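To start, the structure under review is shown below, and the notes come after it.
Just so it is clear, none of the values below were taken in a lab; they were calculated from the coordinates. What you see is a predicted model; the values in this text were computed from it and never measured. When we count neighbours, we look across all protein chains shown, and the Cβ atoms used for this are built from the backbone with ideal geometry, even at glycine.
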Amino acid sequence: MLERRKDEQAGRSIVAAVAALGMLAGFGLGTLLAIPLAELHLNKYLSRVAAQETASVKEGRDLLTRLQHSSDPTCSDAELAHFRALVFRSEYLKDAGRMHDGAIDCSATAGRPSHAIGQFKAAATEADGTIAYTNLVPMRDENLERAGFQLGTAFVVFGPRLPEVEGSLPLHLAVSPANQAAPATNNVIRRGNLLVATHCSSTLLTCTTASVSVDEARQAEIGVGAGTAGLGCIAGTLIGFLLSAFRRRHRSMEYQLRRSIEKNELQVVYQPIVNLVDGKIIGAEALARWKDRDGKPVSPDLFIKIAEQHGFVGALTSLVFRRALNECREVLTKIPDFKLDINVTAADLADPAFLPMLDATVDQNKVPTSSVVIEVTESSTANQEVAMEAIRELRRRGHSIYIDDFGTGYSSLSYLLYLSIDRIKIDKSFTRAIGTNAPTLAIIPQIINMARSLNLGIVVEGIETNQQALYFTVNDQTVHGQGFLYSEPLPLHEFLEVLAPRLNRATVEGERQFALAALGASVA
Ligand code: C2E
Ligand code: MG
Ligand code: MG
């Protein structure tokens, strides 16, 4: 319970730590981005100014052309009404009217003044006679100087409207005649504490300057920083949850397995091993079984690996030995020559506690050492020195040694010469190849010949079909086999039921008949 709470606490800490990291990273990113984002903002704003100018100039020029052909008498009521209607409908024009010699005679906003207004100076004259002004001041306005065009006596004044500033960045805007403005810059420049960008219009002869102070930019982008921090926080939380779930699953598996071993909860099942020639059961392999806390069986390949990785496979091996020898005590003492195979790992062979544990368990159950077979894999003998020493000791005590999953290891066959072993167990991947065109098929005869020349016995794993069984019975060698064709691994009571006749009968013939009867249904 305490462990579980600690584990949950650790999980929460992981989520919090990764979320905080994500937030910091996000905030850092936001702050770093403050200036580039402000520059982007300024540039974007000025391109909107340019687009609006293009549209307003087009509208102004179209209007001037139309006014050239106006049929209304100059500055008549009808013409003034026309001007007003045009300005009212226009998006960009502030005023329209008639002027001559730099003074306004009448306009939509000024009406028909008693005397001409202003002394406006032309800024430029274009080839078609269009005169550009930068300082027209229409009536009823706040004394703002505006750009305008005159063609003939008609004139238009462009509206003061700059596009609205979008977003939270407080831009400072200024429009000035082109000749009084700083030269246009295509990019944002740094002037003191200011970021400045200027756009000049060659047709309106005005320049629009947008600026923002660096401090304001940073301040405004705190929002962005907060946004990216938020995103970072969310991403971090998600990653944290995934990490913690992964860790919890792995840790809880490890934790549950440890607890199950401590509480002796692992089971052992027994898969009969038969003589392929007569079908007689000559032994069995003990295989560990474990269910997690939800009652789901976990594959031994997985939980053995977890125990190996976390350094407690010795406790698991010890449990399997104690349970198997105890459960099979009667079988091993009453049936001569019956062999019980038990799997051990490389770590067991190297563990100084392994042999004493084995000796004690054998003694306690008073079973013959010759009945207890130790299965080691090729890979667990990779550390030859240690493995050879352990194998020597085991054989000295009377145990037999089988090499499990033979053919899947990386060692050369010659290493068998150095290890004194009794049998090889041909891996089920070879058995599966029988009846197919798999290249592994060609290796089987070599393995059989090699075993014969080294005087080693053979056990064939994973026999599922009669064809596979027959393949190994045609030669003169006595071959043992195990597989679903004969029997799946059985829980203890079923295993004992299969062996019951042999436990009760003494004659050799009786043993044979009953063994065949027990397995007869599946042996062809
Ligand atoms: P293994 O020692 O090679 O055991 C044989 C495996 O083949 C067993 O899988 C068995 O159920 C399976 N098998 C038997 N007959 C057939 C068949 O006809 N077809 C197929 N496809 N499979 C068959 P299991 O019980 O899942 O064990 C897997 C491996 O886990 C074992 O392979 C062994 O390496 C390891 N293992 C199991 N129990 C223990 C244990 O107590 N200690 C150690 N160290 N390893 C164990
Ligand atoms: Mg095995
Ligand atoms: Mg095997």
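Remarks
- One decimal place: the segment Ala315-Thr440 gains 41.4 nm when fully extended, by the rule 0.36 nm per residue minus the C-alpha distance.
- Report note on the peptides 117-125, 393-401: ranked by the mean count of other C-beta atoms within 10 Å, highest first, their order is 393-401, 117-125.
- Partners for Lys291 among aspartates and glutamates (Cα-Cα distance below 16 Å; same-chain residues under 8 apart left out): Glu254, Glu262, Glu265, Asp301
- Tilt relative to the chain, helix 300-309 - C-alpha long axis, 0 to 90 degrees, to 10: 80 degrees
- Calculated FRET value between Leu238 and Arg259, using beta carbons and R₀ = 45 Å, to 0.05: 0.90
- For the peptides 280-286, 446-452, 434-440, the ranking by packing is 280-286, 446-452, 434-440, with the highest mean count of neighbouring Cβ atoms within 10 Å listed first.
- Residue-averaged [θ]222 nm for the chain, counting only DSSP H segments that reach four residues, each worth -39500 (n - 2.57): -15500 deg cm²/dmol
- Prolate/oblate/rounded call for region 326-432, Cα gyration tensor, a/c under 1.5 rounded: oblate
- Antiparallel DSSP beta bridges within the chain, as percent of all bridges there, nearest 5: 70 percent
- A full extension of the chain between Asp294 and Thr65 corresponds to an added length of 73.8 nm, given 0.36 nm per residue minus the alpha carbon distance.
- Crossing angle, helix 313-327 versus the chain [Cα axis fit, 0-90 degrees, rounded to tens]: 40 degrees
- Förster radius 56 Å - calculated FRET efficiency between Asp422 and Ser47 (Cβ-Cβ, nearest 0.05): 0.05
- Our estimate of slack between Leu173 and Thr54, defined as 0.36 nm per intervening residue step minus the Cα-Cα distance, is 41.0 nm.
- Within region 416-450: backbone nitrogen closer than 18 Å to the Gln384 label point (7 Å, Cα to C-beta): 416-422
- Proximal lysines relative to Lys94, as straight alpha-carbon distance under 28 Å, when same-chain residues fewer than 8 apart are discounted: Lys44, Lys58, Lys121
- The distance between label points at Asn193 and Ala116 comes to 5.0 nm (points 7 Å beyond Cα on the Cα→Cβ vector).
- Each Lys and Arg Cβ is given +1 and each Asp and Glu Cβ -1; about its Cα centre, the chain then shows a dipole of about 700 debye.
- Distance between the pseudo-spin-label points of Val165 and Ala353 (7 Å out from Cα toward the beta carbon): 7.4 nm.
- Where a label projected 7 Å from the Cα of Ala103 along Cα→Cβ would reach, residues of region 49-92 with amide N under 19 Å: 74-76
- Cross-link partners of Lys425 among aspartates and glutamates (Cα-Cα below 14 Å; sequence separation of 8 or more within a chain): Glu285, Asp341, Glu375, Glu378, Asp404, Asp405, Glu461
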